[in-house]
Amino acid sequence: MGKVIKIILAVLGAFLLVAEFASPLILSPTAGIFINPSSSTNGLYIIEANDNEYIEGPSPISFSHIELDDEYNTEGASVADINNDGLPDVVTGHYWYEAPSWQRHTIRVPLQDAVGIPKLSDHIKIFIESGGEKDIWSKAYPLAFFSFHDDVNKDGWIDVIAVDITSAGIWWFENPNGVEGEWPQHHIIDFSRNESPIFADVLGTGKPQVITGAAETADASGKLYAIEFPETGGFEIHTIEAENEGRNTGATLPTHGLGYGDINGDGLMDVVFGSGEGFLDRAGNPAERQSYDEGGWYEQQMSSDDVRSWKWHVIDPMVSLSQIQVTDVNGDGKDDLISGMGHGRGLFWWEQAENDQWIAHLIDDTYTQLHATEMADIDGDGVGDIITGKTPLAHMGLKDPDEFGTPYLYWYKIIKNSDGETRFERHLIDDNVGVGRQITVTDINNDGMLDVASGTRHGLHIFLQQRK
Ligand SMILES: [Ca+2]
Ligand SMILES: [Ca+2]
Ligand SMILES: [Ca+2]
Ligand SMILES: [Ca+2]
């Protein structure tokens, strides 16, 4: 950035610092001075959909809230028994929190000074230090976004596979077997290109793989990888998409919206993508769809001599999503998709119709920035429920609609009305924390009921299920 521009910004910054007490006004998403004029994430959606399909539901289930960390050092949370004592611990790409005291232990010292809920002076500081808009996002977040777990080196201690902030790397951190201090860090790839990587057995090996967009250099086209952690130790990279061919794997932009399931019911897992965009522009017109951002699914195929290939199918209409959950919503025998817009407004489901046609349904458009979803059977009735919420300041308070709004955390039960219509019964878990990029739903306290771990700008939190 030029020296003159820097000086102008510094002077401007000094003026604005005086106005700091008015920051909520100045920083509001509609009046913000640093709003990127090219952003099209104005909170509307371009797909035609019916009215909200959610209803409020009474529930015998509530959640007790425990704050594990009030610092902002992760956009996600995972759960694994790190110290082999039989008690699940909570993990991020920087720290692990030991059950049941939740004492914090270091995995990797945070390298970036991430600001949780920024004041105007923080915005200005980040803007100046980052050399302007170009690098602003990487200065405004912690490195740790996603963590997954496997015993990568087969020594009997569970390790941490960290998918860092998009366009940073993927690493595995070697559990030092109870020894305190930073963990040995091992390189997997330099550039992840996906903000909703998944950890699932897509290849049918019996163990989960990391499915993620990736690139070999900072400017390279996006690829789609399945990173396997085989029984022999270490890792092995399998390519699903070798070069970007009009797919949403991060050709020019980091992206999100990834899921898996057996879409065509042939016994092989398929991989689903949201589209890279799908918003209205500021004039209210559909933003032009770029060549790299069509949404769809990769059909996994296996030849008679066991050669794997992937066939692309477009899903239209499609929007920019977070993790995509694949399940048969309406009970017609065909799997459907459920996901929320990572930056825009609304939770949706896509009904799989005949001949690769998809019908979009709106579930809930009362909040924005649903940048993490998960599916798990919260109430234990045998049917998967959807867990999601609002990501506080998913773009630092600079771009997205209602970024400062209430950070809800909900679970939705899929039900049939008496008239046979599918409805989503919404239940509030909490309204202080929201979701980051990765939310984990598992039994954290070993009482047989599923709990929720969430890492956001409001810190790291768990919600333990209680039943009346
Ligand atoms: Ca433990
Ligand atoms: Ca290990
Ligand atoms: Ca399939
Ligand atoms: Ca529990």
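Applying the Karplus relation 6.51 cos²θ - 1.76 cosθ + 1.60 with θ = phi - 60° to segment 337-354 yields 3J(HN,Hα) values of 10, 10, 6, x, 6, x, 10, x, 10, x, 9, 10, 10, 10, 7, 7, 9, 6 Hz, where x marks Gly and Pro.
Pairs exceeding a 21 Å alpha-carbon distance, out of 207/390; 223/399; 390/413; 390/416: 207/390; 223/399; 390/416. Compactness check for segment 305-397: Cα Rg over 2.2 N^0.38 Å is 1.22.
Which residue, 404, 384, 361, has the largest displacement toward the positive end of the dipole of segment 331-404 when charges sit on each Cβ (Lys, Arg +1; Asp, Glu -1)? The Cα lying farthest towards the positive end belongs to 404. For residue 262, the residues whose amide H sits under 5 Å from its own are 270, ignoring neighbours fewer than 5 places away on the same chain, with H placed 1.01 Å from N.
Here's how it looks for residue 194: its modeled amide H is under 5 Å from those of 167, 213, 255, which are all 5 or more places away or on a different chain.
Taking every alpha-carbon pair within segment 313-468, the share separated by more than 25 Å comes to 30 percent. Summarised as an ellipsoid, segment 103-222 has semi-axes of 29, 20, 11 Å, derived from the eigenvalues of the Cα gyration tensor scaled by 5 and square-rooted, with the largest first. Taken one residue at a time, the phi angles of segment 426-439 give Karplus couplings (6.51, -1.76, 1.60, θ = phi - 60°) of 8, 10, 7, 9, 6, 10, 10, 10, x, 10, x, 9, 9, 10 Hz. Gly and Pro are set to x. Charges were assigned to the Cβ only: +1 to each Lys and Arg, -1 to each Asp and Glu. The resulting dipole of segment 323-366 about its Cα centre is roughly 220 debye.
The alpha-carbon atoms of segment 383-468, seen along their principal axes, cover 43, 36, 20 angstrom, with the largest extent given first. Under 5 Å between amide hydrogens, built in the peptide plane, is the criterion, and for residue 364 it picks out 53, 347 among residues at least 5 positions away or on other chains.
Ranked from largest, the principal axis spans of the Cα set of segment 149-272 equal 46, 36, 20 Å.
Across the alpha-carbon set of segment 347-434, the Rg to Rh ratio works out to 1.02, Rh being the Kirkwood radius.
Where a number appears in this text, it was derived from the coordinates with a stated rule and is not lab data. Since we're looking at a predicted model, the values are computed, not measured. Every residue, glycine among them, receives a Cβ derived from its backbone with ideal geometry; neighbour counts consider all protein chains shown.
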